[in-house]
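Worksheet for the structure shown next.
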Amino acid sequence: MLSFMPELPEVETTCRGLAPHCVGRNIVTALVRNTQLRWPVPADLAQQVAGQPILNLSRRAKYLIMTLQHGAIILHLGMSGSLRIMDSNSPAGVHDHIDLVLDNDTCIRLRDPRRFGAVLWTQSDVLRHPLLENLGPEPLSEMFDETYLHGYSRGRKVPIKTFLMDSHVVAGVGNIYANEALFLAGIRPTMPAGRLSLARYARLTAAIRTILARAIEAGGSTLRDFVNSAGEAGYFQQQYTVYGRAGESCRVCSSSIKQIRQGQRSTFYCPCCQT
């Protein structure tokens, strides 16, 4: 089975699903059942957040930022995490590690079977946090365009797919969507980033935006555990053109989809459509 972690569309779907239920509400407390996630959950989290209103919920790359009156909670879903709105009296399962209890008898519950997620607290400028301050531009923002990518890639011999998945280059383009965007742009994933022309980068940036927008509209992908804030699965995997389709026929030219390994990740491409 292919490995999978929530990528930008899944995190954006979670953000959009949670925000109407929590922004403007007060946090009553934080119930921490397991502090040992990817990084230790702050021991004083409940003390820090109790009584604070949630002013905003936003996404930066694959992180969620919950802005409170006097600080911010940084959340990451890791490999298998999900955040759901629940009745605060609902019994917790063995993998339900943290509840942010709200003032309307609901809670935001983090379920994370593999415990690679994160719940962190900061009272400093959240975008200056070490996890966030060196991230590249958002792929759906105006800062991300062909001129930026073309300029950043000059002299780089790294394969274009590896280049796209570097969060210092662009924030949040993960494995699934890099595969799909490169197919849509007609670019082979092994092509050195520094050899692509400005025109090809224009096609690539447009393809990245298109693929991410389609995935967000479909609610993200579900290969293992991802569900949105209501516990519903995403369905973008039904639209995959190359990802996970090794040996199958290309839907454009009928050539056999190839699979290789790049940076410990599976890469899928059509040897005819992508040059």
Residue check, ARG203 surrounded by fewer than 13 Cβ atoms within 10 Å (Cβ to Cβ), at pLDDT 90 or above and either part of a helix (DSSP H, G or I) or not assigned by TED's automatic domain parsing to the domain that holds LEU57 (or both): no
Residue list for region 155-173, restricted to those being of a type outside the set (Phe, Trp, Tyr) and either assigned by TED's automatic domain parsing to the domain that holds ALA61 or free of Cβ contacts under 8 Å to residues at least 60 places away in the same chain (or both): GLY155, ARG156, LYS157, VAL158, ILE160, LEU164, ASP166, HIS168, VAL169, VAL170
Tell me the residue from THR29, THR13 that is under 25 Å from the mean Cα position of the chain (by Cα), in contact (Cβ under 8 Å) with a residue 12 or more places away in the chain, farther than 19 Å from HIS95 by Cβ and buried (at least 17 other Cβ atoms within 10 Å of the Cβ), please. THR13
I'm trying to understand the selection: among the residues of region 224-250, which are at pLDDT below 95, more than 14 Å from ILE176 (Cα to Cα) and of a type outside the set (Gly, Ala, Ser)? ASP225, VAL227, ASN228, GLU232
Give the residues of region 117-130 that are assigned to a loop (DSSP other than H, G, I, E, B) and over 14 Å from the mean Cα position of the chain (by Cα), sorted by residue number. GLN123, SER124, ASP125, HIS129, PRO130
Of MET143, MET86, MET66, the only residue that is free of Cβ contacts under 8 Å to residues at least 24 places away in the same chain, over 29 Å from PHE163 (Cβ atoms) and not polar (S, T, N, Q) is MET86
Filter region 156-185 for residues that are at pLDDT below 95 and part of a helix (DSSP H, G or I); the one that is surrounded by the most Cβ atoms within 10 Å (Cβ to Cβ) is ILE176
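The values are calculated or read from the model by the stated rules, or taken from the named source; none is laboratory data. For clarity, every value in this text was computed on a predicted model and none was experimentally measured. Glycine also receives a Cβ, built like all others from the backbone with ideal geometry; neighbour counts cover every protein chain displayed.
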